[in-house]
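Peer 1: Below are the structure tokens for one structure; questions will follow.
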Amino acid sequence: MNREDHIVDGFKATLVARGIYMISSALLMFVLARYLLDPDGYGALYWAIGILAIVQLFADLGLSKSVARYISEYRETDPGQIPYLLRSVITAKIILLTVVGYVLLLFHERIATALGDPGAAPFLAAGVLYLVVFSGSTFAQVALQGFNHLGYSAIVQAISGAGRFIFAVAFVLAGLGALGAFFGYIVGYAIAAAVGMGILYYGFYSRHETAEEYEDGLSRRLLEYSIPLTATRSANVIDKQIDIVLVGFFLNPAAVAFYTLAKQITDFVLAPAESLGFTISPNFGEQKAAGELEEARRIYQTSLTNILLLYIPAAVGLAIVAEPFLTMVIGNDYADAVPILQVLAGFVVLQAITNLTSDSLDYLGRARARAVAKGGTAVANFGLNVLLIPTIGVVGAAIATVATHSVYVAVNLYIVHTELGLHVGRLARTTGLICGITGVMAVSVLLVTPMVSSLLMLFGAIAVGAITWGALAVLSGLVDPGQVRSVIG
């Protein structure tokens with residue numbers, strides 16, 4: 001199987017799993033928000049998860065991504081070093097989880113009080129379990145990505161999503177409320193971690209014959225490379241979660257619910273981009289090591305063009321139908337989330353490019369440069385949130401996200417260009433053509449949206465936009481129907 005076929009197969013597997021994960025996440029969002037929890041309960045749940053995502057940084061650092069990078073490299077050159085790499089990282093993670101978990105258990109009440117919500121203390125106490133199982137689940141996914149066995153990684157992700165949905169709904173129906181939903185998350189991640197670590201051990205670790213000795217300096221390089229990855233991951237998590245924490249700190253749980261719901265919808269839309277980025281990124285490390293930069297450039301440019309072709313019109317369409325979608329699907333209680341979702345529609349395009357690019361830079365060995373960029377924009381995002389949330393409300397958090405992420409995307413693209421020598425003029429012309437097609441599509445959707453009075457009519461308006469986009473994309477030559485059929489098949 002050639003590299004391109006391998007990428008397509010990996011993309012299909014990852015997209016299916018990501019689809020299962022996102023559909024289960026969307027169903028969980030819908031059931032919890034519309035039927036099982038009020039906005040205060042929904043906001044309390046995801047505010048606690050946002051806090052724990054930041055705490056998780058100290059328990060994981062950048063070790064998972066670092067070992068994935070070296071697995072990708074050494075499985076080609078010296079597979080005997082892989083068992084040493086895995087043992088080193090797992091040992092370090094156990095130590096970190098023990099220390100961080102103990103501190104969180106000891107001070108969970110004080111942390112909740114300091115953040116202005118003593119009622120969050122039970123979530124933080126249970127958060128010790130959350131840290132362990134979430135860490136195991138994500139480590140298995142990333143390590144399997146490093147082996148370039150994306151089907152297995154996809155299985156772990158799908159299990160975590162389905163497990164969260166089943167157990168969160170079950171526990172809430174049992175009368176445990178938002179805390180029950182949180183324990184549903186814990187059980188879902190625990191099952192995924194058990195499956196993922198089992199696949200990693202029996203499918204890969206036990207099958208690699210261990211070298212006679214650990215390569216001199218490899219453990220040091222592993223830890224050194226984890227430093228910029230830690231900085232990048234920290235900045236990334238803070239960038240994604242600090243706005244939720246600050247909305248809860250400055251405003252109230254209901255505002256957290258509105259903001260979180262809008263972000264969850266954008267996450268659902270972004271599933272294909274994340275799948276593609278996750279799929280192609282390990283290949284860049286292999287291609288750089290083999291000196292195949294021309295092939296790497298071709299794959300990246302093709303992927304970027306497809307991402308823009310999909311997400312520019314998707315973002316515009318999302319902004320147009322945000323109001324009828326939220327009020328009809330989720331309910332009138334969440335109407336205040338409409339302007340947030342409209343602003344975050346711009347974030348959809350930016351994050352799609354990031355999902356394609358960020359992991360690729362890590363495998364190209366440019367983690368340090370990306371870390372600097374992410375750190376700077378994360379600090380700016382924090383400052384803008386502190387400035388805008390108290391003055392203009394929860395929409396300020398969305399504005400801060402879009403503004404700072406625009407800078408980060410620009411820097412990422414520049415770094416990729418320095419590595420691969422992108423054809424900037426060709427990309428600019430293609431992007432202009434995509435924007436023109438999107439403009440025509442937007443007019444068609446705007447003409448029918450005022451007539452929307454039911455879910456069926458909403459889906460009809462979306463279908464009008466999709467048909468207009470598809471026809472123009474084919475006529476302009478941006479989309480080859482034959483290639484689409486070959487990928488689907």
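The values are calculated or read from the model by the stated rules, or taken from the named source; none is laboratory data. These numbers were taken from a predicted model, which means no experiment stands behind them. No Cβ is skipped: glycine too gets one built from the backbone with ideal geometry, and neighbour counts run over all protein chains shown. We work out accessible area using only protein heavy atoms, side chains counted, and drop any ligands, DNA or RNA first. Shrake-Rupley method; radii C 1.70, N 1.55, O 1.52, S 1.80 Å.
Peer 1: Take L36 and decide whether it is open to solvent by 20 Å² or more (accessible area, probe 1.4 Å), among the hydrophobic types (A, V, I, L, M, F, W, C), over 30 Å from Y202 (Cβ atoms) and modelled with pLDDT of 90 or more. Outline the logic, then answer.
Peer 2: Values: open to solvent by 20 Å² or more (accessible area, probe 1.4 Å): yes; among the hydrophobic types (A, V, I, L, M, F, W, C): yes; over 30 Å from Y202 (Cβ atoms): yes; modelled with pLDDT of 90 or more: yes.
Here the answer is yes, as L36 does meet what is asked.
Peer 1: Looking at the range 330-371, which of the residues that are in contact with a Lys or Arg (Cβ under 9 Å, 6 or more places away or on another chain) and among the acidic types (D, E) is farthest from V269 (Cα to Cα)?
Peer 2: Residue satisfying both the conditions and the ranking: D362.
Peer 1: Can you pull out the residues in the range 444-456 that are open to solvent by 80 Å² or more (accessible area, probe 1.4 Å) and either within 31 Å of the chain's Cα centre (by Cα) or farther than 19 Å from L472 by Cβ (or both)? Full working, then the answer.
Peer 2: Within the range 444-456, the first condition is being open to solvent by 80 Å² or more (accessible area, probe 1.4 Å), and the residues that meet it are 446-447, 450-451, 453, 456.
The answer is L446, P450, M451, S453, L456.
Peer 1: I want to confirm something. Restricting to the range 404-431 and keeping residues that are within 20 Å of the chain's Cα centre (by Cα) and among the polar types (S, T, N, Q), which single residue is most open to solvent (accessible area, probe 1.4 Å)?
Peer 2: S406
Peer 1: Please go through (1) part of a helix (DSSP H, G or I); (2) open to solvent by 30 Å² or more (accessible area, probe 1.4 Å); (3) in contact (Cβ under 8 Å) with a residue 40 or more places away in the chain for E323 and return the number of the only condition it doesn't satisfy.
Peer 2: (3)
Peer 1: Next question, about the same structure. K65 - would you say it is modelled with pLDDT of 90 or more, among the charged types (D, E, K, R) and surrounded by 16 or more Cβ atoms within 10 Å (Cβ to Cβ)? Step through it out loud before you land on a result.
Peer 2: Values: modelled with pLDDT of 90 or more: no; among the charged types (D, E, K, R): yes; surrounded by 16 or more Cβ atoms within 10 Å (Cβ to Cβ): yes.
Spelling it out, it is not the case that K65 is modelled with pLDDT of 90 or more, among the charged types (D, E, K, R) and surrounded by 16 or more Cβ atoms within 10 Å (Cβ to Cβ).
Peer 1: Identify, by number, the condition in (1) modelled with pLDDT under 85; (2) buried (at least 20 other Cβ atoms within 10 Å of the Cβ) that L293 doesn't meet.
Peer 2: So L293 meets the others, but not (2).
Peer 1: So, one more: I need a count of the residues in the range 100-132 that are over 20 Å from A181 (Cβ atoms), in contact (Cβ under 8 Å) with a residue 40 or more places away in the chain and not hydrophobic (A, V, I, L, M, F, W, C).
Peer 2: 2
Peer 1: Consider the range 213-227. How many of its residues are in a helix (DSSP H, G or I) and either of a type in the set (S, T, Y) or open to solvent by less than 60 Å² (accessible area, probe 1.4 Å) (or both)? Explain how you work it out, then say what you get.
Peer 2: Step one: filter the range 213-227 for residues in a helix (DSSP H, G or I), giving 218-227.
Among the residues that remain, those that are also either of a type in the set (S, T, Y) or open to solvent by less than 60 Å² (accessible area, probe 1.4 Å) (or both) are: 218-219, 222, 225-226.
The total comes to 5.
Peer 1: Still on this structure, I have one more. Please work out which one of (1) touching a helix residue (DSSP H, G or I) at 6+ places or on another chain (Cβ under 7 Å); (2) at pLDDT 95 or above is the condition I166 fails and give its number.
Peer 2: Only one criterion in (1) touching a helix residue (DSSP H, G or I) at 6+ places or on another chain (Cβ under 7 Å); (2) at pLDDT 95 or above is unmet by I166, namely (1).
Peer 1: Cβ-Cβ under 6 Å, sequence separation 6+ or interchain: first residue in the range 142-168 and without any contact (Cβ under 8 Å) to a residue 24 or more places away in the chain, partner of a type outside the set (D, E). Which pairs?
Peer 2: Final answer for the pair search is F167/G184; F167/V187; F167/G188.
Peer 1: Also: Checking G180 against (1) in contact with a Leu (Cβ under 8 Å, 6 or more places away or on another chain); (2) within 26 Å of L251 (Cβ to Cβ), only one condition comes out false. Which one?
Peer 2: Among (1) in contact with a Leu (Cβ under 8 Å, 6 or more places away or on another chain); (2) within 26 Å of L251 (Cβ to Cβ), the lone unmet condition for G180 is (1).
Peer 1: Of everything in the range 201-220, what is polar (S, T, N, Q) and either touching a Leu at 6+ places or on another chain (Cβ under 6 Å) or without any contact (Cβ under 8 Å) to a residue 60 or more places away in the chain (or both)? Give them in sequence order. Explain how you work it out, then say what you get.
Peer 2: Taking the range 201-220 first, the residues polar (S, T, N, Q) are 206, 210, 219.
Correct list: S206 only.
Peer 1: Given the residues A140, A190, which is the only one that is modelled with pLDDT of 85 or more, open to solvent by less than 10 Å² (accessible area, probe 1.4 Å) and under 24 Å from L61 (Cβ atoms)? Quick ask: steps written out before the conclusion?
Peer 2: Values: A190 fails: open to solvent by less than 10 Å² (accessible area, probe 1.4 Å).
None of the other options fit; the residue is A140.
Peer 1: Given the condition part of a helix (DSSP H, G or I), open to solvent by 30 Å² or more (accessible area, probe 1.4 Å) and at pLDDT 90 or above, answer yes or no: does some residue in the range 16-27 qualify?
Peer 2: Within the range 16-27 (the criterion being part of a helix (DSSP H, G or I), open to solvent by 30 Å² or more (accessible area, probe 1.4 Å) and at pLDDT 90 or above), the answer is yes, since at least one residue qualifies.
Peer 1: Looking at the range 333-358, I want the residues that are modelled with pLDDT under 90 and have a partner that is in a helix (DSSP H, G or I) and among the acidic types (D, E) with Cβ atoms under 6 Å, at least 6 apart or on another chain. Which pairs are those?
Peer 2: From the range 333-358, the pairs are N355/E274.
Peer 1: Next question, about the same structure. Quick check on the range 75-113: of everything there that is open to solvent by 90 Å² or more (accessible area, probe 1.4 Å) and at pLDDT below 90, which residue is farthest from S219 (Cα to Cα)?
Peer 2: Taking the candidates together, the pick is E76.
Peer 1: Could you say whether any residue in the range 307-317 is open to solvent by less than 10 Å² (accessible area, probe 1.4 Å) and either modelled with pLDDT under 80 or among the hydroxyl-bearing types (S, T, Y) (or both)?
Peer 2: yes
Peer 1: Look through the range 371-394, keep the residues that are β-branched (V, I, T) and buried (at least 20 other Cβ atoms within 10 Å of the Cβ), and return whichever of them is nearest to E295 (Cα to Cα). Quick ask: steps written out before the conclusion?
Peer 2: Taking the range 371-394 first, the residues β-branched (V, I, T) are 372, 377, 379, 386, 389, 391-392, 394.
Right, trim to buried (at least 20 other Cβ atoms within 10 Å of the Cβ) and you get 377, 389, 394.
Details: T377: 31, I389: 45, V394: 44 Å.
Looking at residues that are β-branched (V, I, T) and buried (at least 20 other Cβ atoms within 10 Å of the Cβ), I get T377.
Peer 1: Quick check, is I51 β-branched (V, I, T) and closer than 26 Å to I155 by Cα? Explain how you work it out, then say what you get.
Peer 2: On the way: β-branched (V, I, T): yes; closer than 26 Å to I155 by Cα: no.
It is false that I51 is β-branched (V, I, T) and closer than 26 Å to I155 by Cα.
Peer 1: When you scan the range 346-353, do you find a residue that is within 16 Å of Y300 (Cβ to Cβ), assigned to a helix (DSSP H, G or I) and either open to solvent by less than 30 Å² (accessible area, probe 1.4 Å) or not small (G, A, S) (or both), even just one? I'd like the intermediate steps shown before the answer.
Peer 2: Filtering the range 346-353 for residues within 16 Å of Y300 (Cβ to Cβ) gives 352-353.
Narrowing the set further to residues that are assigned to a helix (DSSP H, G or I) leaves 352-353.
From what's left, either open to solvent by less than 30 Å² (accessible area, probe 1.4 Å) or not small (G, A, S) (or both): 352-353.
Looking for residues that are within 16 Å of Y300 (Cβ to Cβ), assigned to a helix (DSSP H, G or I) and either open to solvent by less than 30 Å² (accessible area, probe 1.4 Å) or not small (G, A, S) (or both), one finds at least one in the range 346-353, hence yes.
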